[in-house]
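Q: Have a look at this one before I ask anything.
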Amino acid sequence: METTLSIENLRVEYRSRDLGESTKVAVRALNLRVGQGEVFGFLGPNGAGKTSTMNVLLGFVPPTSGTARIFGVDVREPIARQRIGYLPEQTYYYKFLTAEELLRFYAGIFQIPKAETEQRIDAVLKLVELDHARKRQIKTYSKGMQQRAGLAQALINNPDLLILDEPTSGLDPIGRMKVREIIQRLKSEGKTVFFSSHELGEVETVCDRVAILHQGELKTEGRVSDLLREHSANLEQIFLNLIGFTSQP
Amino acid sequence: MNTVWALANVVVLEMVRRKDFYVLFILTVLLTGTAGSVNLFNDRSIVRYLKEICLLLIWVSGLVIAITCTARQIPAEREHRTIFPLLAKPVTRAQFLLGKFLGCWLATGLALALFYLFFGLVSASREHSWPVANYLQAGWLHWMMLGIVIAFTLLGSIVFAAPSSNGTICFVCSAGMLLLGRHLNKVALSLAEPLQSLLYGLYFVLPHLELFDVRDLIIHNWELIPWGVVALATLYAAAYAAFFLFAAWLIFRRRALN
């Protein structure tokens, strides 16, 4: 299977701005490989280093050491981001734009030809069910609609790799189901999806493979079915066990 | 270049859809209209004073629009987290800064065009003449000057996190250069060393924004400035704007976004 995303010996440190405070290590010696067409769940409690890893993949933060590549290109090169779509957690888009204008703007960045842009806008707005609100300014959208607008912008360039940071965060059950359906549809189209989530039931349903991160270290990685069989437990129990959580009697 | 245009287009759309510009424009219209309707002592030369007041209003409004529009660009992108989906696309940090600069500069240019058009109409109605070339030169040099201010404010928005503090600092610096820039060398003469050399150094290094203030061309209907001088002034503005943008890029290119 062709490798879409690879991370080798990644270390991410943040220097504290306060005097006397030590450097914080967000990610240490992380190795990961995601193959083409896989839906990969990137799990961990808050502060585990998931967002730091994603920030490196997207070029927002330079790695302290190690390398990360997307389609074989170093993530520090902007061209590495030509074939990816990214949905951040709870992002507010330009509220003074309509969904249609927002998508046209992003399509312009990818230098998609005009005729194709209009086709892509129609297709993604239909996919995320925002076609009826395409001419309304984003400031009039509900939270769920904004999240779907975010998903639409992540799909405008017909990406081969989607990086989703907690895509169902803050959505109602119907919204979550719709996002799940979209991920499954993308998988059936052969797209690679790399996403972080705290909804372990959802991850169990959707993902082919998962990695569990805790305090910047990779605790386990493997196929969901293999992990469930190995541990004879559901993903939530495996997760809690690996991060050393013991419930109080 | 497509990316830079796409970014600039969003900035212009933002200004068109926000209320601040309209408030400033309506305020200028009201003040100009009120001043223009006054006929003091049947003095025909009163028109010149009115023109002076109205042009001052346009200059202050231009500075306010340029600085407030630019100062909020990058902090707003970070606060609303719109910078993340944007820079997750094949956009370099240099393109991001250039797009923001171009957008703010074009938006300010549109606002200036509207202000000068309105002022020209009011002025022509009182004087029954409209020296278009004078308006073009004065407006063009005004716009070039604001290009330097916008690039400087963009640099400030990377150094200072709060748009309000950046806006205040940039406004004070710009107004200071406009009012005191030409006198710095004279002040330096009255000082002891090493302050004298320091102030002289600043006199030669800082951009002389006051060179672009040719309001008298319109107020007194002076003869046109040679077009070669206008071209040189344009190059002078471009060089300073490029310097500030380069400094902004040096700071921003490796800044972690998290």
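Q: Within segment A:105-120, take every residue that is under 21 Å from B:ALA8 (Cα atoms) and within 22 Å of the chain's Cα centre (by Cα) and give me the one that is surrounded by the most Cβ atoms within 10 Å (Cβ to Cβ).
A: A:TYR106
Q: Could you go through segment B:87-94 and let me know if any residue there is surrounded by fewer than 21 Cβ atoms within 10 Å (Cβ to Cβ) and more than 14 Å from chain A (Cβ to nearest Cβ).
A: no
Listed here are the residues, each with its yes/no results for (1) surrounded by fewer than 16 Cβ atoms within 10 Å (Cβ to Cβ); (2) touching a Ser or Thr at 6+ places or on another chain (Cβ under 8 Å); (3) of a type in the set (Ser, Thr, Tyr); (4) without any contact (Cβ under 8 Å) to a residue 40 or more places away in the chain.
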site	(1), (2), (3), (4)
A:ARG134	no, yes, no, yes
A:GLN137	no, yes, no, no
A:THR140	yes, no, yes, yes
A:MET145	no, no, no, yes
A:LEU155	no, no, no, no
A:LEU161	no, yes, no, no
A:LEU171	no, no, no, yes
A:ILE174	yes, no, no, yes
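Q: Another question about this same structure. Taking the stated definitions as given, is A:VAL193 more than 14 Å from chain B (Cβ to nearest Cβ), under 22 Å from A:ILE70 (Cβ atoms) and either touching a strand residue (DSSP E or B) at 6+ places or on another chain (Cβ under 9 Å) or in a loop (DSSP other than H, G, I, E, B) (or both)?
A: Answer is yes for this residue.
Q: Given the conditions (1) in a helix (DSSP H, G or I); (2) modelled with pLDDT under 85, which single one is not true for A:GLN237?
A: Result: A:GLN237 fails condition (2) only.
Q: So which residues in segment A:56-85 are touching a residue at least 24 places away in the same chain (Cβ under 8 Å) and not in a loop (DSSP other than H, G, I, E, B), if there are any at all? Talk me through it step by step, then tell me what you get.
A: Keep residues of segment A:56-85 that are touching a residue at least 24 places away in the same chain (Cβ under 8 Å), which gives A:56-58, A:61, A:63-72, A:82-85.
A:VAL56, A:LEU57, A:SER65, A:GLY66, A:THR67, A:ALA68, A:ARG69, A:ILE70, A:ILE84, A:GLY85 - these are the residues of segment A:56-85 that are touching a residue at least 24 places away in the same chain (Cβ under 8 Å) and not in a loop (DSSP other than H, G, I, E, B).
Q: Continuing with this model, one more query. If you take the residues in segment A:88-119 that are of a type in the set (Gly, Ala, Ser) and facing another protein chain (nearest Cβ under 9 Å), which one is nearest to A:ARG148 (Cα to Cα)?
A: Checked segment A:88-119; the qualifying residue nearest to A:ARG148 (Cα to Cα) is A:ALA107.
Q: Check A:GLY35, A:GLY66, A:GLY72, A:GLY85 and return the single one that is within 26 Å of A:GLU204 (Cα to Cα), more than 10 Å from chain B (Cβ to nearest Cβ) and of a type in the set (Gly, Ala, Ser). First the steps, then the outcome.
A: Numbers: A:GLY66 fails: within 26 Å of A:GLU204 (Cα to Cα); A:GLY72 fails: within 26 Å of A:GLU204 (Cα to Cα); A:GLY85 fails: more than 10 Å from chain B (Cβ to nearest Cβ).
That would be A:GLY35, the only listed residue that is within 26 Å of A:GLU204 (Cα to Cα), more than 10 Å from chain B (Cβ to nearest Cβ) and of a type in the set (Gly, Ala, Ser).
Q: Quick one: in segment A:149-168, of everything that is more than 10 Å from A:LEU87 (Cβ to Cβ) and out of contact with any Phe, Trp or Tyr (no Cβ under 8 Å at 6 or more places or on another chain), which residue is farthest from the other protein chains (Cβ to nearest Cβ)?
A: Applying the filter and picking the extreme gives A:THR168.
Q: Among (1) buried (at least 18 other Cβ atoms within 10 Å of the Cβ); (2) assigned to a helix (DSSP H, G or I), which single condition is B:VAL214 missing?
A: Status for B:VAL214: all satisfied but (2).
Q: Considering only residues that are over 30 Å from B:GLY120 (Cβ atoms) and part of a loop (DSSP other than H, G, I, E, B), look in segment B:218-258 and name the one that is farthest from the chain's Cα centre (by Cα).
A: Step by step, filter segment B:218-258, then rank; the result is B:ASN258.
Q: Condition (residue is part of a loop (DSSP other than H, G, I, E, B) and under 24 Å from the mean Cα position of the chain (by Cα)) applied to segment A:218-233: is it met by at least one residue? Don't jump to the end; show me each part of the working.
A: Step one: of segment A:218-233, the residues part of a loop (DSSP other than H, G, I, E, B) are A:232-233.
Those still in the list that are under 24 Å from the mean Cα position of the chain (by Cα) too: none.
Looking through segment A:218-233, none of the residues is part of a loop (DSSP other than H, G, I, E, B) and under 24 Å from the mean Cα position of the chain (by Cα).
Q: Out of the residues in segment A:121-131 that are in contact with a helix residue (DSSP H, G or I) (Cβ under 9 Å, 6 or more places away or on another chain) and without any contact (Cβ under 8 Å) to a residue 24 or more places away in the chain, which is nearest to A:THR192 (Cα to Cα)?
A: Restricting to residues being in contact with a helix residue (DSSP H, G or I) (Cβ under 9 Å, 6 or more places away or on another chain) and without any contact (Cβ under 8 Å) to a residue 24 or more places away in the chain, the top hit is A:ALA123.
Q: Pairs, please: C-beta under 7 Å, at least 6 apart or cross-chain, first residue farther than 21 Å from B:SER61 by Cα and in segment B:124-139, second among the small types (Gly, Ala, Ser)?
A: Close Cβ pairs (under 7 Å, with a partner that is among the small types (Gly, Ala, Ser)) amount to B:ARG126/B:GLY36; B:TRP130/B:GLY120; B:TRP130/B:ALA124.
Q: Starting from residues that are at pLDDT below 90 and within 13 Å of chain B (Cβ to nearest Cβ), keep the ones in segment A:131-148 and report whichever is nearest to A:GLU101 (Cα to Cα).
A: Here the answer is A:GLN146.
Q: Here's something else I'd like to know. Which numbered condition in (1) in contact with a Phe, Trp or Tyr (Cβ under 7 Å, 6 or more places away or on another chain); (2) in contact (Cβ under 8 Å) with a residue 60 or more places away in the chain; (3) not in a helix (DSSP H, G or I) is the only one that B:VAL91 fails?
A: Of the numbered conditions (1) in contact with a Phe, Trp or Tyr (Cβ under 7 Å, 6 or more places away or on another chain); (2) in contact (Cβ under 8 Å) with a residue 60 or more places away in the chain; (3) not in a helix (DSSP H, G or I), the odd one out for B:VAL91 is (1).
Q: Next question, about the same structure. Of all residues in segment B:1-35 being of a type in the set (Ser, Thr, Tyr) and surrounded by fewer than 19 Cβ atoms within 10 Å (Cβ to Cβ), which is nearest to the other protein chains (Cβ to nearest Cβ)?
A: Kept after step one, since they are of a type in the set (Ser, Thr, Tyr), are these residues of segment B:1-35: B:3, B:22, B:28, B:32, B:34.
From what is left, the residues that are surrounded by fewer than 19 Cβ atoms within 10 Å (Cβ to Cβ) are B:22, B:34.
Working: B:TYR22: 14, B:THR34: 32 Å.
Among them, the one singled out is B:TYR22.
Q: Which of the residues belonging to segment A:86-138 are under 25 Å from A:PRO173 (Cβ atoms) and not in a loop (DSSP other than H, G, I, E, B)?
A: Once the filter is applied, which keeps residues that are under 25 Å from A:PRO173 (Cβ atoms) and not in a loop (DSSP other than H, G, I, E, B), segment A:86-138 yields A:TYR86, A:LEU87, A:ALA99, A:VAL124, A:LEU125, A:LYS126, A:LEU127, A:ASP131, A:HIS132, A:ALA133, A:ILE138.
The values are calculated or read from the model by the stated rules, or taken from the named source; none is laboratory data. No experiment lies behind these values; they were computed from the predicted model shown. Quick reminder, even Gly has a Cβ in these numbers, built from the backbone with ideal geometry, and neighbours come from all protein chains shown.
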